[in-house]
């Protein structure tokens, strides 16, 4: 009986050990499945995070662009520049002032807003003592509204009835300034020439 009691105790202990090992193995498998599921969730969350970071970057770029547009609208850039100045030779006019010279001045609005009230300011530089009796016409003098990116051309005409004044004027320079009120938008100096 003692042997059978030892055998029963052994079988009970053995069964308990087998049950514990099976329970541990089952728990380990369940834990491994849970770890694998958690890894998949972490990977999915990392993918979502990367997607949201990309969206955030895109939204920041768009927000920066909108802020720049708002700034441009609130602070428009007023800017115009000369794109071409061509000087024609002196010609016989046949009118009361027989000599005429034309300078074509082309300018463009390169700002972000339309500009109204632009004018051309002209200054003759050089020995001007002999050129007091001549006429300068600018067509148009008041340039009106210049739209964004618009090109416009004005004609500066010099008319004189005296050969010596034509010669004196030919040796001078002309500074042409594109003005908006007191603001000089662009300025160029050209030789009036023969």
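Mind listing whichever residues of segment 67-111 are in a loop (DSSP other than H, G, I, E, B) and at pLDDT 85 or above?
Looking only at segment 67-111, we keep the residues that are in a loop (DSSP other than H, G, I, E, B), and these are 75-79, 88-90, 93-98, 110-111.
Of everything in segment 67-111, those that are in a loop (DSSP other than H, G, I, E, B) and at pLDDT 85 or above turn out to be 79, 88, 89, 90, 110, 111.
Scanning for something farther than 30 Å from residue 184 by Cβ and free of Cβ contacts under 8 Å to residues at least 60 places away in the same chain, does segment 80-93 turn up at least one residue?
Within segment 80-93, the subset farther than 30 Å from residue 184 by Cβ is 91-93.
Checking which are free of Cβ contacts under 8 Å to residues at least 60 places away in the same chain leaves us with 91-92.
The answer is yes; a qualifying residue exists.
So, in segment 154-172, how many residues would count as being assigned to a strand (DSSP E or B) and surrounded by 14 or more Cβ atoms within 10 Å (Cβ to Cβ)? Talk me through it step by step, then tell me what you get.
Step one: filter segment 154-172 for residues assigned to a strand (DSSP E or B), giving 154-160.
If we keep only those that are surrounded by 14 or more Cβ atoms within 10 Å (Cβ to Cβ) as well, we get 154, 156-160.
The qualifying residues number 6.
The values are calculated or read from the model by the stated rules, or taken from the named source; none is laboratory data. The model shown is predicted, which means the values in this text are computed figures rather than measured ones. Here the Cβ is made from the backbone with ideal geometry for all residues, glycine too, and neighbour counts use every protein chain on show.
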